[in-house]
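Below: one structure, written as structure tokens.
Every number in this text was worked out from the coordinates using simple rules, so none of it is lab data. If you're wondering where the values come from, they're calculated on a predicted model, not measured in any experiment. Every residue, glycine among them, receives a Cβ derived from its backbone with ideal geometry; neighbour counts consider all protein chains shown.
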Amino acid sequence: MPVPVGIKVISRWVPETFPYLDEVVAPFDSIWIADHVQHHDRDVAEGWTMMTYALSRYPDKVCGHEVLCNSFRNPALLAKMVATAQTISGGRVVLGIGAGWRKEEYRSYNWPFPNLKVRIAQMAEAIRVVRTMWSDSPANYDGEYYQINEAHCEPRPNPLPPIMIGCDGEKYSLRVVAELADWWNHLYKTNDNLIHKQNILRAHCKDVGRDYDEITQIAHVGIRIAPNETELSQLINNNPPGDGYFIGTPDQVTEQMLALVDQGIHRITVHFLDAPQTNEAQLFGSTVISNLARV
């Protein structure tokens, strides 16, 4: 298979998440959980708890977040949480992290909500704290936003989990990717947008002396799939997707996936417009993933 494909589930499926995954997850290589704590008055599951349960329930799957909100957790504690999960899961954790964006959550939970530039700087510093916790024992860090003093993170994670940054901001956040990320998670909109963001990242890598090809690139796309053109037209008419979706029959979606690979994407994560119904995920798993495996 030229590219691993993971499946993402959203925070608002509290009772539906695991029955849904039980039905559809088998052909996917990984599971990706959102990280939110509130969406008005709807049921919303906490992302870290959901991921740790997924690690236990699906022992053959890599698990991570698209993406953790840095502001929600102290980075030293997060380093310890990831290290523990990596140890007990046998090395199946990816630390996906972002700068945070939903103001409602910050205000309702009484978290400070500084401007985006500050939140990105906090995320960068948090990643440095995490790496220090994983490499030094005891660990010390004295930054502008975070400090640790003689902190121990034992057992240390082995192997070290990849740190994946989810972002698209051109001036600041993609520069942090160039400096600090093992993986970059891109929310796909269009091919032209992807190419533009890749070029920005390439320029940042050159500025900081980083090999652009060292960074694993992940694209997240929505899927609207049907077995034939007639049923596809019905789906589109009943529930038209917005930007960032691959739309088509299994062969057509396969071609769109392969185009991402040709553009330098190493991994793809997907969600399905009909979820938590299972029809589209099951069709995708039995056709597109099989098609990719034969390429």
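Restricting the count to DSSP beta bridges whose residues both fall in the range 5-294, what percent are antiparallel, rounded to a multiple of 5?
Of all bridge pairs located within the range 5-294, approximately 10 percent are antiparallel.
Give me the net charge for the shell around C153: Cβ to Cβ below 15 angstrom, other residues only, Lys and Arg +1, Asp and Glu -1.
That sum, taken over residues with Cβ under 15 Å, equals +2.
Within the set K80/K206; K8/K103; K80/K189, which residue pairs have Cα atoms separated by over 30 Å?
Checking Cα-Cα distances, K80/K206; K80/K189 exceed 30 Å.
Please report, in debye to the nearest 20, how large the charge dipole of the chain is about its Cα centre when each Lys and Arg carries +1 at its beta carbon and each Asp and Glu carries -1 there.
Roughly 540 debye, rounded to the nearest 20.
Taking all pairs of distinct Cα atoms, average 1/r, flip it, and tell me the Kirkwood hydrodynamic radius of the range 22-178 in Å to one decimal place.
With all distinct Cα pairs of the range 22-178 included, I get 16.3 Å.
Could you please report the charge total around A281, scoring K, R as +1 and D, E as -1 over all other residues with beta-carbon less than 9 angstrom from its beta-carbon?
Charge balance in the 9 Å sphere: -3.
Among residues other than C69 whose Cβ falls under 13 Å from its Cβ, what is the net charge (Lys/Arg +1, Asp/Glu -1)?
Counting the neighbours of C69, the net charge comes to -1.
Based on alpha-carbon centroids, what's the gap between the range 252-295 and the range 129-208 in Å, whole number please?
Measuring centre to centre over Cα atoms gives 27 Å.
Sort out for me the Cα centre separation of the range 81-97 from the range 1-80, rounded to whole Å.
13
Helix 116-135: angle to the longest alpha-carbon principal axis of the chain, degrees 0 to 90, nearest 10?
70
Could you work out the longest stretch of the chain that avoids the trypsin sites (Lys or Arg not before Pro) located in DSSP loops with at most 12 other Cβ atoms within 10 Å?
Longest stretch, sites excluded: 43-170.
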